[in-house]
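Read-outs throughout are calculated quantities, based only on the coordinates presented, and are distinct from any laboratory measurement. Values in this document were obtained by computation on a predicted structure and should not be read as measured data. Note that each Cβ is placed from the backbone with ideal geometry, even for glycine, and that neighbours are counted across all protein chains shown.
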Amino acid sequence: MVVLVSIGLWRTAGHETDDRIAVVTRPKRVMGTTCALAAIVRYRERTRAEDALSRAEAGLRTVEARMSVWLADSEVSRLNAAGAGEEIPLSPECLAVLRAAREAAGRTGGAFDVTCGPLVELWRRAGEAGVVPAESQRSDARAASNWDLLELTDRGAIKRADGVRVDLGGIAKGSGIDEAAAALCDAGMVGGMVVVGGDLACFGEQAQGRDWPVDVKDPFGSGRIAELRVRAGAVATSGNYARYVEVAGKRYSHIIDPRVGRPAEGAQSVTVVAPSALTADVWATALSVLGPEGLGRLPSHVDALMIVGSKDDHQILCTPGFRALLAEPIPAGLTVWEEGTGRPQGRVAF
Ligand code: AMP
Ligand code: MG
């Protein structure tokens, strides 16, 4: 969803020493998806960019190694495999993400819930078997998906039931992107961008001093539905169109509505702009569950665009702050949600 090509093609020869150039890498897949990193650096300091980029990539891979449910020896997998009552030590970084996730569960009225591992697994198996889970299976998985069954301590976490399983798939990517962007910033890059799958964070200046262009993909086609201009901050997209399971001819989202134990039907696609990638990631997933009603729950400095309905009959909604970031042409039929009310018209915080 992101335009990195424009910065990837700049010449690296014939520059004045103070010119800004972009150094771009596209490391092999991370967190099950594609990845690109860009560092903006003064020409005379360009050798530092390579080092900064490899540190940023290492940051991403460290987050994946800690938080992926697909890696058997990740911290999260060890917690999931553990029995009830035992304190499982976790790194401060993993604990911080779990605390942020617990807070998000409160703010989203339970729509974002990383304890929904049993439900995610139930519906994944349903997709593989091509059979909708029975009501009793759904209620069992729902009962096991609950923050009351997981205690966070100063050093780790304690499960209150054997079946508790955490899934950080809706937040870990954002956390990794933040880590990687922080590594570029700490290394003194004048600007940078980290893109993993459809999510990204950017800071500082593009080499040509403009805002970063970011495409919002059309969930019903192959092109883009809108273009954003982001100065600094993060953008995350969640949607049915990218990942889903198909059971008996019906498409089900990979995002679960933990409140009812069924795949979410709140929106086809949600793009969120926020000060951090973690926040953007959380709210993109949460709004996919909540639908338009969730726009009213967004914290200040978090803005969203969502597409609700079907290919032939859909609505595009966004918050006033998101509208302010859109480049021309504005999508036809865009409805700016809550315009003219008392809600703060938040732009991305720098
Ligand atoms: P994303 O692509 O960021 O929207 O994250 C989707 C992933 O988050 C899913 O593949 C699950 O691993 C996990 N997940 C699904 N439903 C939820 C939910 N309601 N709250 C938190 N995580 C979820
Ligand atoms: Mg997410």
Using only Cα atoms, tell me the angle between helix 92-107 and the longest principal axis of the chain; keep it within 0 to 90° and round to the nearest 10.
-> 70 degrees
Rounded to whole Hz and in sequence order, give me ³J(HN,Hα) for region 159-175 from the Karplus expression 6.51 cos²θ - 1.76 cosθ + 1.60, θ = phi - 60°, writing x for Gly and Pro.
-> 7, 9, 8, 4, x, 5, 9, 8, 10, 8, x, x, 9, 5, 4, x, 4
Using a Gaussian network model of the chain with C-alpha springs under 10 Å, which one of G83, G169, G249 is most mobile by mean-square fluctuation?
-> G249
Would you mind classifying region 15-155 by shape? Square roots of the alpha carbon gyration tensor eigenvalues, ordered a ≥ b ≥ c; an a/c under 1.5 is rounded, otherwise it is prolate if a/b is larger than b/c and oblate if not.
-> prolate
If you average the sequence gap of Cα pairs under 8 Å that are 6 or more apart and divide by the length of the chain, what percent do you get for the contact order?
-> 16 percent
Please determine, in degrees from 0 to 90 and to the nearest 10, the orientation of helix 47-67 with respect to the longest principal axis defined by the Cα atoms of the chain, where the helix direction is its Cα long axis.
-> 0 degrees
Given only helices, namely DSSP H runs of n ≥ 4 each adding -39500 (n - 2.57), what is the per-residue ellipticity at 222 nm of the chain, to the nearest 500 deg cm²/dmol?
-> -9000 deg cm²/dmol
Neighbours of V272 by Cβ distance under 10 Å: Lys/Arg at +1, Asp/Glu at -1, summed charge -3
Between helix 135-144 and the chain: long-axis angle, C-alpha atoms, 0 to 90°, nearest 10 = 70 degrees
What dipole magnitude, in Debye to the nearest 20, does the chain give about its Cα centre under +1 on Lys/Arg Cβ and -1 on Asp/Glu Cβ?
-> 360 debye
Mind checking which of L71, L290, L37 has the largest fluctuation in a GNM of the chain, springs on alpha carbons under 10 Å?
-> L71
Under a 10 Å cutoff between Cα atoms, tell me which one of S74, S276, S145 has the largest fluctuation in the Gaussian network model of the chain.
-> S74
Could you pull out every residue, at least 5 positions away or on a different chain, whose amide H is within less than 5 Å of the one on L150? Hs are placed 1.01 Å off N in the peptide plane, and Pro or chain starts have none.
-> R160
Give the Kirkwood hydrodynamic radius (Å, one decimal) of the chain, defined as one over the mean of 1/r across all pairs of different Cα atoms.
-> 20.9 Å
Region 192-214 to region 125-154: how many Å between their Cα centroids?
-> 37 Å
Length gain on complete extension for the stretch E86 to T33, per 0.36 nm per residue less the alpha carbon to alpha carbon distance?
-> 15.7 nm
